[in-house]
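The values are calculated or read from the model by the stated rules, or taken from the named source; none is laboratory data. These numbers come from a predicted model, not from an experiment. Cβ placement follows ideal geometry from the backbone for every residue including glycine, while neighbour counts extend to all protein chains displayed. Ligands, DNA and RNA are excluded from the accessible area calculation, which covers all protein heavy atoms including side chains. Shrake-Rupley method; radii C 1.70, N 1.55, O 1.52, S 1.80 Å.
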Amino acid sequence: MDDAFYMYRAIALARRGMGWTSPNPMVGAVIVKNGEIIGEGWHERCGGPHAERNALKSCRADPRGAAMYVTLEPCCHTGRQPPCTEALLDAGIARVVVGCGDPNPLVAGRGLEILRAAGVEVEEHVLEEECVALNEVFFHYIRTKTPFAVLKYAMTLDGKIAAYTGESRWISGEASRAHVQTLRGKYRGIMCGVGTVLADDPLLTCRMPNGRNPVRIICDSRLRTPLTSRLVRTAGDVPLIIATACADEDRYAPYLDAGAEIIRTPEKDGHIDLRTLMRDLGAREIDGLLIEGGGTLNWSALEAGIVKKVYTYVAPKLLGGAFAKSPVGGRGFAAPDAGPGFRILNVERMGEDVLIESEAV
């Protein structure tokens, strides 16, 4: 077996921590000795042991002299856990194969330097592209301290997200809606506008088995969210943040009593200033954000330049209607080359629908 074989296994292990490691990265590790895997592990959740220590703990043979394959450069500082470089050296690991470096300034090459200085053979850049893609959220967050924002919407073949009556259930099929639940479990936060709350009374939880509920965020510049909404009524059980430009703090009390958190933000063009809100959410360790809004919020997100990825579910339906809503509202960009550009990463069948995954360029 070559290095790529074991690194693919480490990547598969890392994905098991999806949704639970935030704001830490997903990391997988495999320990190989005499051509056999003797231990493996992954970072299971934030605050718990890192992948390297879990792999060492699982070893069914002495790891001294073995090789470790790890998707991300081992840490060399004390954070929520002690340094992994220390654990590797104590265990006598002779060779470390790394997928990609860690951009965290506390690591950023120092982990590999420590290993090499101690006589450990280090191999870098094995399946680097795949390992970087695994942690696109972490890499963005550690560099910017703002969430990696993802736009998601379902539309018909003629680009409608609802009929002219406003009826939108259901544009997409069951397979697409099930896939959305995996996204809710993957990203730490989920955001919608108050218009969506008033129209649909959503819950915005993750209904995937063993999924982690995201922190729910409402953009509500005038503080119109009903106290009877399902979001407010469940705020004591699932975190809820209401971002508002309302300066009347007396109006905050019933929301705070219900268990919600209020973030007051500046106003921009009659709406929440999303760039400021992104910094506020980043300070709360919300590293990834799924935007499930209507056309108004989607436009604000694109105009603010915060969207890094788009998931578009296209249903084989035609609705028509000159005034039926499209995925992005607002005034729009003035010319085809004025709007943000995206690169299509993947196109796949999702039941009867098609999912298009794109990233900002």
Q: All but one of (1) modelled with pLDDT under 95; (2) closer than 22 Å to Ala4 by Cα; (3) β-branched (Val, Ile, Thr) hold for Thr78, so report the exception by its number.
A: (2)
Q: List every residue pair whose Cβ atoms sit under 6 Å apart, with the two residues 6 or more apart in sequence or on different chains, where the first one lies in segment 154-174 and is polar (S, T, N, Q) and the second, anywhere, is at pLDDT below 95.
A: Ser168/Ala162
Q | In segment 16-32, residue nearest to Ala283 (Cα to Cα) [restricted to those that are surrounded by fewer than 20 Cβ atoms within 10 Å (Cβ to Cβ) and touching a strand residue (DSSP E or B) at 6+ places or on another chain (Cβ under 9 Å)] | A | Pro23
Q: Write out, first by first residue and then by second, each pair whose Cβ atoms fall under 7 Å of each other, whose residues are 6+ apart or on separate chains, and whose first residue, in segment 335-358, is surrounded by fewer than 10 Cβ atoms within 10 Å (Cβ to Cβ) while the second is assigned to a strand (DSSP E or B) and of a type in the set (D, E, K, R).
A: Arg343/Glu359
(Q) Cβ-Cβ under 7 Å, sequence separation 6+ or interchain: first residue in segment 11-33 and within 23 Å of Asp62 (Cα to Cα), partner acidic (Asp, Glu) and open to solvent by less than 20 Å² (accessible area, probe 1.4 Å). Which pairs? (A) Ala29/Glu52
(Q) For segment 82-128, which positions are open to solvent by 20 Å² or more (accessible area, probe 1.4 Å), among the acidic types (Asp, Glu) and within 25 Å of the chain's Cα centre (by Cα)? (A) Glu128
Q. So which of Glu348, Glu292, Glu352 is closer than 26 Å to Arg169 by Cβ, within 19 Å of the chain's Cα centre (by Cα) and among the acidic types (Asp, Glu)?
A. Glu292
Q | Those residues of segment 1-31 which are touching a Gly at 6+ places or on another chain (Cβ under 9 Å) and farther than 17 Å from Arg212 by Cβ, in sequence order | A | Met1, Met7, Arg9, Ala10, Ile11, Ala12, Leu13, Val27, Gly28, Ala29, Val30, Ile31
Q) Name the residues in segment 185-205 that are hydrophobic (A, V, I, L, M, F, W, C) and either over 25 Å from Leu223 (Cα atoms) or surrounded by fewer than 22 Cβ atoms within 10 Å (Cβ to Cβ) (or both), would you? A) Leu198, Ala199, Leu203
(Q) Let me spell it out: the conditions are (1) in contact (Cβ under 8 Å) with a residue 40 or more places away in the chain; (2) part of a loop (DSSP other than H, G, I, E, B), and Ala301 meets all of them except one. Which number is the exception? (A) (2)
(Q) I'd like to check something: does segment 297-313 contain any residue that is closer than 17 Å to Gly166 by Cβ and of a type in the set (Lys, Arg)? (A) no
**Q.** Count - residues of segment 201-221 that are over 19 Å from the mean Cα position of the chain (by Cα) and at positive phi
**A.** 1
Q.
Just to be sure before I move on: is Ala324 in contact with a Lys or Arg (Cβ under 6 Å, 6 or more places away or on another chain) and at pLDDT below 95 in the structure I sent?
A. yes
**Q.** Subset of segment 222-238 that is among the hydroxyl-bearing types (Ser, Thr, Tyr) and open to solvent by 20 Å² or more (accessible area, probe 1.4 Å) - its residue that is nearest to the chain's Cα centre (by Cα)
**A.** Thr234
(Q) Within segment 339-349, does at least one residue satisfy the condition of being modelled with pLDDT of 95 or more and out of contact with any strand residue (DSSP E or B) (no Cβ under 7 Å at 6 or more places or on another chain)? (A) yes
Q.
Among the residues of segment 153-164, are any charged (D, E, K, R), at pLDDT below 95 and surrounded by fewer than 22 Cβ atoms within 10 Å (Cβ to Cβ)?
A. no
